[in-house]
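Below is one structure, written out as structure tokens; the observations come after it.
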Amino acid sequence: MGVLKVKVAIAGAGAMGSRFGLMLSQGGVDVTLIDGWKEHINAIRENGLQANYNGKDVTVKLPVMLQAEVDCAEKFDLVIVFTKSMQLAQMLHDIQGVLGEQTKVLCLLNGLGHVETLEKYVQRDNIFLGNTMWTAGLTGPGKVKLFGSGSVELENVGDGKQDDAKQLAEFLSASGLNASYSDNILYSIYRKACVNGTMNCLTTLLDCNMGQFGATSTAHQIVVTIVKEFAAVAKVEKIDLDVDELIAHVESCYDPSISGHYPSMYQDLIQNKRKTEIDYINGAISRKGRKYGVPTPYCDLITEMIHAKEELLGAK
Ligand code: NAD
């Protein structure tokens, strides 16, 4: 994958899509942003993508397309999907015109169960699944705040496509995205989902930050029970999560350097009245648990309570 020859589309150009779009563009890649939020697309079309990038103001001019108006004539070599989980199917439906037979699709969304959605629109050999530690925040239409460093791990979904996955990682790294090939991406995805499946929903339900939750007398027992539910479900899928390490990993969120943070689900629902990705985190564990005959009472209740909170707050 020579950087200059690859035509990339970012499908879902919110906070994270904008980060990847900006970094790839700065790496010399031909990138187009596709998104469904009209005001955001119009702002980028008029003023460029305006980023506060590690403290510096940067404006990048990028081609943009509204997802409902995707031009079928143009096929991309690589599409990086970066919607919220519940927007993925609609995005894939809307962008079918730009997916050619050779188009690779990389999914870096948080949460579980995205391959099932991707497979409805993309052949398995072209699907790559990943996990990223980069972060990003939208500050308004066309404006993002990008701070700190991160990494990407990714793996092929199609059998025998390891070399393609390794090339894709090299391609992303050429633009500073610090990507590597993983031979067990589902482990990393489950590991991150355990953090989201505890810190995100519990701070949202309890209206507190991570440190405040961690300081309660019941925090440890709640975290242990949820992580064990994730591990029991993962085990049926032959992914052996190290429960003790995961609990320590989740509880590292109480470190004073980050404990004041309100996770993204809190920001989405409590601060911005937006619907959450709960159905792809604890909700995915509930669904899988029912399918596999594994009880997941904490994940079941948390999923229902987050949905109730979405309704109470009129989330959209
Ligand atoms: P985002 O909410 O910034 O963007 C997702 C979509 O929602 C985009 O299409 C965006 O245009 C749209 N959107 C955002 N605000 C809107 C508004 N006010 N009105 C209408 N539409 C709006 O989501 P994100 O943070 O980029 O996350 C994308 C995926 O990456 C998710 O699965 C998330 O969990 C994951 N992720 C996020 C981060 C992060 O730091 N933000 C880090 C790692 C993984």
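Tabulated values for the structure
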{"quantity": "Semi-axis lengths (Å, descending) of the ellipsoid that matches the C-alpha gyration tensor of the chain", "calculated": "31, 23, 19"}
{"quantity": "Distance between modelled label sites at Ser257 and Thr135, nm, 7 Å Cα→Cβ extension", "calculated": "1.2 nm"}
{"quantity": "Among the listed pairs Lys104/Lys166; Lys75/Lys161; Lys120/Lys192; Lys5/Lys161; Lys38/Lys61; Lys161/Lys238, those beyond 23 Å (Cα-Cα)", "calculated": "Lys120/Lys192"}
{"quantity": "Net dipole in debye of the chain [+1 Lys, Arg Cβ; -1 Asp, Glu Cβ; about Cα centre; nearest 20]", "calculated": "480 debye"}
{"quantity": "Efficiency of FRET between Glu69 and Lys7 - r from beta-carbon atoms, R0 30 angstrom, step 0.05", "calculated": "0.95"}
{"quantity": "Average projection area in nm² (convex hull over Cα atoms of segment 107-228, one quarter of hull surface)", "calculated": "9.9 nm²"}
{"quantity": "Accessible surface, the chain, averaged per residue in Å² (probe 1.4 Å)", "calculated": "45 Å²"}
{"quantity": "Evaluated at q = 0.24, 0.28 Å⁻¹: base-10 log I(q)/I(0), Debye formula over Cα of segment 265-316", "calculated": "-0.81, -0.97"}
{"quantity": "Of Lys7/Lys273; Lys228/Lys288; Lys84/Lys288, pairs whose Cα-Cα distance is over 26 Å", "calculated": "Lys7/Lys273"}
{"quantity": "Whole-angstrom Cα spans of segment 180-316 along principal axes, big to small", "calculated": "38, 34, 34"}
{"quantity": "Modelled FRET efficiency - R0 45 Å, Ala215 with Gln167, Cβ distances, 0.05 increments", "calculated": "0.45"}
{"quantity": "Inter-centroid distance (Cα atoms) of segment 241-316 relative to segment 53-76, Å", "calculated": "31 Å"}
{"quantity": "For segment 164-185 versus segment 190-236, the gap between their alpha-carbon centres in whole angstrom", "calculated": "29 Å"}
{"quantity": "Fraction in percent of alpha-carbon pairs per bin - 10 Å, segment 57-181", "calculated": "11, 40, 40, 8, 0"}
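The values are calculated or read from the model by the stated rules, or taken from the named source; none is laboratory data. Not measured: the values here are computed from a predicted model. No Cβ is skipped: glycine too gets one built from the backbone with ideal geometry, and neighbour counts run over all protein chains shown. We work out accessible area using only protein heavy atoms, side chains counted, and drop any ligands, DNA or RNA first. Shrake-Rupley method; radii C 1.70, N 1.55, O 1.52, S 1.80 Å.
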